[in-house]
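I have placed the structure first, in the form of structure tokens, so that the comments after it can refer back to it.
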Amino acid sequence: QVQLVESGGGLVQAGGSLRLSCAASGSIFSFNVMSWYRQAPGKMRELVATITSGGSTNYAGSVKGRFTISRDNAKNTVYLQMNSLKPEDTARYYCYGVQGTMMVHYWGKGTLVTVSS
């Protein structure tokens, strides 16, 4: 059983930057896909960014050009670099991963990002 633990959230002014980290308790080498989701109060959880085991990335249109997802297999960590933050980026950000041929799904508990105007 792998645990995913997010960190790096906080309060930032609009236009600022934050880097979120998702540390896995085990190896992420076997994770086919790792993603960041977010959920704002009163809204559905939405996909923000995805990175595959091969390093391919995909982004939601609302964050493309501002956010960058990356993974460091040696550190068992996935990152989300967030630049030019907007108040509408305020949400709890969750790390998600799909592991191995059995396609086991894992979620972290989230880290809160608040962007003030």
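The values are calculated or read from the model by the stated rules, or taken from the named source; none is laboratory data. Keep in mind that this is a model prediction, so the values were computed, not measured. So basically every Cβ, Gly included, is an ideal-geometry build from the backbone, and we count neighbours across all protein chains shown. Note: accessible area is taken over every heavy atom of the protein model, side chains too, but ligands, DNA and RNA are not part of it. Shrake-Rupley method; radii C 1.70, N 1.55, O 1.52, S 1.80 Å.
What does the highest-first list of 103-110, 16-23 look like by mean Cβ count within 10 Å? Before the final figure, lay out the partial values.
On the way: 103-110: 14.4, 16-23: 17.8.
Descending mean neighbour count gives 16-23, 103-110.
For segment 22-104, which trypsin sites (Lys or Arg not before Pro) are in a loop by DSSP, counting at most 12 other Cβ atoms within 10 Å?
On the way: sites: R38, K43, R45, K64, R66, R71, K75, R92; in loops: K43, R45, K64, R66, K75.
Sites meeting the loop and neighbour criteria: K43, K64, K75.
Lysines near K86 by alpha-carbon distance under 17 Å, same-chain residues fewer than 8 away left out - which ones?
The qualifying lysines are K43, K64.
Using a 1.4 Å probe on the protein heavy atoms, what percent of the accessible area of segment 7-74 belongs to carbon and sulfur? Don't skip to the end; give the middle numbers.
Details: 1860 of 3590 Å².
About 52 percent, which is the carbon plus sulfur part of the accessible surface.
Per residue, how much accessible area does the chain have with a 1.4 Å probe, in Å²?
Solvent-accessible surface per residue comes out at 53 Å².
Taking the Cα atoms of the chain, report the difference between the largest and smallest coordinate on each principal axis, in whole Å and largest first.
Projected onto the principal axes, the Cα atoms of the chain cover 43, 25, 24 Å.
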